[in-house]
Structures are given as C-alpha cells and as structure tokens.
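Read the structure below first, then the notes.
The values are calculated or read from the model by the stated rules, or taken from the named source; none is laboratory data. It should be emphasised that the depicted structure is a prediction, and the values quoted were computed from it without experimental measurement. In this analysis, Cβ positions are derived from the backbone assuming ideal geometry, glycine residues included, and neighbour counts consider all displayed protein chains. Accessible surface areas use protein heavy atoms only, side chains included; no ligands, DNA or RNA. Shrake-Rupley method; radii C 1.70, N 1.55, O 1.52, S 1.80 Å.
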Amino acid sequence: EAALAANAGEEGYLGPGAVVAGEGARVRVRLEDGAEVAVRMALAFPYRPQAGDELLVIGQDQRYFAIGVLSGAAPRTLEFPGDVELRAVEGRLELHGEKGIELEAPELTLRAKALRTFAKQISERADSAVRIVKGLLTEHLGESQRLVAGEDYTQSQRSVTLAKDVVKIDAKTLQLGH
C-alpha cells in the first residue's frame, strides 16, 4: 500500500489529484505530495475536467491516467462529436432536474402519438405561431382573455356564441353583413 501511495516514478501512484489546468484528453494535476504532473483522461464516459476537480489518478514511470472522478465543480458536460441518440429500449426515458431542465437548439422537433403537458403555468413567446388541427380543437377554460394589438380576424362556415347571461359588444361602429 505504501508503494501505491508514494509518488515515485518506478513504485507507482494511486490516489487523488486536483485539476490545475487543461482541456480535452490531457490535464495538469497536483498530486497529494504537491507535484504537478500531466494526466491523460482514461474514463469510460465523456468528462470535461475543470480547475479544482478532484480525480482518481494512477501512474507509474511519469505516465499518469485519470481513472475516476472523486469530486467536481458544476456544470457537468457530456460531449459527443457528431449525431447522438439516447434510447430506452423496452422502457421509458425520464429526465429529472431538481432546479429545472433547459433544451436549447436552432430547431426542436417533438414527435409522439400523444403529447401531454401538465404545468401550473405555461408561458410561450414567439414572433409568429401556426397551429393546424385536422379534427376538433376543444378548450376547457376557467376564464379567457385575449388582447390583440392589431386586427382580429375569424373565418368559419358557421359561428355560434352562447352565454348564460350577457353578450357585450362595445365598439364605435358595428357592421353586420358584407
């Protein structure tokens, strides 16, 4: 054990190392005895080390490899070159974020046989929006308010407005017909 814990070239090293600098597959790490060495990332998963992260380092003959992450600073990044597919075979895929989940892309496409949204509040902002529904669009609302800055145009084969008590139209001019 003493031989593994020592930072001697021939005896080998196994222990923690603090990331000092570097990016990609090679980083500079400070070992327990204070020595700074070049370490090659040898993890089974993509990991972007940051200064201050603590890695599990193994080495011998001045060749060092990071074989684990003991602790690290947020945010964690999984990076892959090219297209990536994340799939749950014969199961469900769940993503959880205790402080939220953000998706960002130049374009986002959702395809599903059914799409369900459950939220206490929904906010949407867009320069323009189009919704095409082949069949019936049904909305059940507690109340409804719509503010239109410009013209509001509705076209249909038939239009029905039903109110239990009052229907109010307030305008300077009311035109009926063509």
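On inspection, Ala114 fails the criterion of being under 30 Å from Thr77 (Cα atoms) and either among the aliphatic types (A, V, I, L, M) or outside any loop (DSSP other than H, G, I, E, B) (or both).
Checking the structure you have, find out if any residue of region 124-140 is aliphatic (A, V, I, L, M) and within 25 Å of the chain's Cα centre (by Cα). Checking region 124-140: at least one residue is aliphatic (A, V, I, L, M) and within 25 Å of the chain's Cα centre (by Cα).
Here is a yes/no grid of residues against (1) touching a His at 6+ places or on another chain (Cβ under 8 Å); (2) modelled with pLDDT of 95 or more; (3) among the hydroxyl-bearing types (Ser, Thr, Tyr); (4) more than 26 Å from Val19 (Cβ to Cβ):
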position	(1), (2), (3), (4)
Ala51	no, no, no, no
Asp61	no, no, no, no
Ile67	no, yes, no, no
Gly82	no, no, no, yes
Ala88	no, no, no, yes
Gly97	no, no, no, no
Pro106	no, yes, no, yes
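Arg40 meets each of the listed conditions (1) surrounded by 10 or more Cβ atoms within 10 Å (Cβ to Cβ); (2) part of a loop (DSSP other than H, G, I, E, B) apart from (2). Inside region 22-32, residues that are at pLDDT below 90, open to solvent by 50 Å² or more (accessible area, probe 1.4 Å) and in contact with a strand residue (DSSP E or B) (Cβ under 7 Å, 6 or more places away or on another chain) make up a count of 2.
The number of residues in region 43-63 being assigned to a loop (DSSP other than H, G, I, E, B) and open to solvent by 50 Å² or more (accessible area, probe 1.4 Å) comes to 8.
Against the criterion of being part of a loop (DSSP other than H, G, I, E, B) and of a type outside the set (Ser, Thr, Tyr), Leu70 does not qualify.
Per-residue answers, yes or no, for (1) under 30 Å from Thr77 (Cβ atoms); (2) open to solvent by less than 100 Å² (accessible area, probe 1.4 Å); (3) aromatic (Phe, Trp, Tyr):
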{"site": "Gly97", "(1), (2), (3)": "yes, yes, no"}
{"site": "Phe118", "(1), (2), (3)": "yes, no, yes"}
{"site": "Thr161", "(1), (2), (3)": "no, no, no"}
{"site": "His178", "(1), (2), (3)": "no, no, no"}
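Within region 10-19, the set of residues being open to solvent by 50 Å² or more (accessible area, probe 1.4 Å) and either out of contact with any Leu (no Cβ under 7 Å at 6 or more places or on another chain) or assigned to a loop (DSSP other than H, G, I, E, B) (or both) comprises Glu10, Glu11.
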